[in-house]
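The values are calculated or read from the model by the stated rules, or taken from the named source; none is laboratory data. Nothing here was measured: the structure is a model prediction, and the numbers come from that model. We place every Cβ from the backbone using ideal geometry, glycine too, and count neighbours over all the protein chains shown.
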Amino acid sequence: MTYLLEAKDLRKQYADKLALRGLNLQIEAGEVFCLLGQNGAGKSTTINLFLGFIEPTAGAAYLNGLEVAANSLKIKQYLAYIPENVMLYPHLTGLENLALFSSLAGFSYKESELLAYLDQAGLPAEAVRRRVGTYSKGMRQKVGIAIAVAKHAKVLLLDEPTSGLDPKASNEFSELLRQLSQQGTAVFMATHDIFRAKEVGTRVGIMREGELVDVRPTAALNANELEQLYLTYMQ
Ligand SMILES: Nc1ncnc2c1ncn2[C@@H]1O[C@H](COP(=O)(O)OP(=O)(O)OP(=O)(O)O)[C@@H](O)[C@H]1O
């Protein structure tokens with residue numbers, strides 16, 4: 001079986017810091033895997049290895065069966081990345097940003113199709129033709145989701161995507177992730193939000209000092225139990 005995301009004994013040593021200590025993980029289509037862990041636990045390092053932004057010290061990351069380090073350009077067609085602050089061109093409108101990023105991914109859409117993607121992602125119609133420099137953080141996240149959907153990304157990597165969003169925007173974001181996973185996208189999300197992880201995740205992992213110390217299906221725990229489990233590991 002080809003997993004959409006896989007880590008095999010994945011390690012990352014920075015100069016004097018072992019940030020990731022032999023991660024083993026498989027994620028299938030339709031899964032939403034939420035990674036919890038304190039500041040410095042190694043969550044962003046894991047995401048950056050899956051993105052090919054950094055090279056592993058040992059082991060390998062795979063995306064749709066391709067080793068990331070050896071296929072750093074090819075894997076880009078399969079993935080979309082949503083960091084805490086989605087990087088868009090501030091002088092272009094949301095519509096223009098979507099047109100640009102989807103054309104870079106090899107898709108050429110009619111304006112009506114682009115508008116439909118933005119609408120599906122929940123961007124208010126009044127914002128579509130406004131410069132992105134005037135957008136709220138939540139609006140930029142929505143354009144990020146529209147880009148992910150328009151490029152038919154098989155894998156969505158998210159690094160604390162809901163931090164700083166208001167509860168309504170955060171809720172809408174969770175709903176979009178759920179829809180994407182139902183369509184077969186694999187979602188990997190680093191987050192500090194235990195409640196959100198329980199709500200949107202199918203599995204949750206707890207990382208401590210570069211080690212994945214526990215993985216559970218979220219259906220097996222309620223939010224309080226998950227919080228207790230997390231706190232137990234952080235003691
Ligand atoms: N470029 C780097 N050079 C040296 N050390 C680094 C580098 N990047 C990260 N680290 C260290 O590696 C460890 C893991 O960092 P990482 O950013 O992966 O943690 P994180 O779980 O994402 O934290 P946060 O929740 O604060 O985003 C930390 O100790 C961090 O200081």
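Annotations for the structure displayed:
- Matching option when the condition is part of a helix (DSSP H, G or I), of a type in the set (Gly, Ala, Ser) and touching a residue at least 24 places away in the same chain (Cβ under 8 Å), among 197, 219: 197
- Taking the criterion of being within 21 Å of residue 210 (Cα to Cα) and either under 16 Å from the mean Cα position of the chain (by Cα) or part of a loop (DSSP other than H, G, I, E, B) (or both), the only residue of segment 69-83 that qualifies is 83.
- For segment 175-207, the candidate set comprises residues that are surrounded by fewer than 17 Cβ atoms within 10 Å (Cβ to Cβ) and not aromatic (Phe, Trp, Tyr); within that set, the residue that is nearest to the ligand (Cβ to nearest atom) is 192.
- Residue 72, sole failed condition from (1) touching a Gly at 6+ places or on another chain (Cβ under 7 Å); (2) outside the structural domain of residue 141 (by TED's automatic domain parsing); (3) modelled with pLDDT of 95 or more: (3)
- Looking across segment 31-42, the residues that are closer than 19 Å to residue 81 by Cβ and surrounded by fewer than 24 Cβ atoms within 10 Å (Cβ to Cβ) come down to 31, 33.
- Within segment 60-70, not a single residue is surrounded by fewer than 16 Cβ atoms within 10 Å (Cβ to Cβ), within 16 Å of the ligand (Cβ to nearest atom) and under 22 Å from residue 13 (Cβ atoms).
- The residues of segment 131-174 that are surrounded by 21 or more Cβ atoms within 10 Å (Cβ to Cβ) and within 16 Å of the ligand (Cβ to nearest atom), listed by number, are 157, 158, 159, 161, 162.
- Evaluated against (1) within 12 Å of the ligand (Cβ to nearest atom); (2) at pLDDT below 95; (3) farther than 21 Å from residue 145 by Cβ, residue 84 falls short on exactly one condition, (3).
- Criterion: hydrophobic (A, V, I, L, M, F, W, C), at pLDDT below 95 and either assigned by TED's automatic domain parsing to the domain that holds residue 31 or assigned to a helix (DSSP H, G or I) (or both) - qualifying residue of 212, 115, 180: 180
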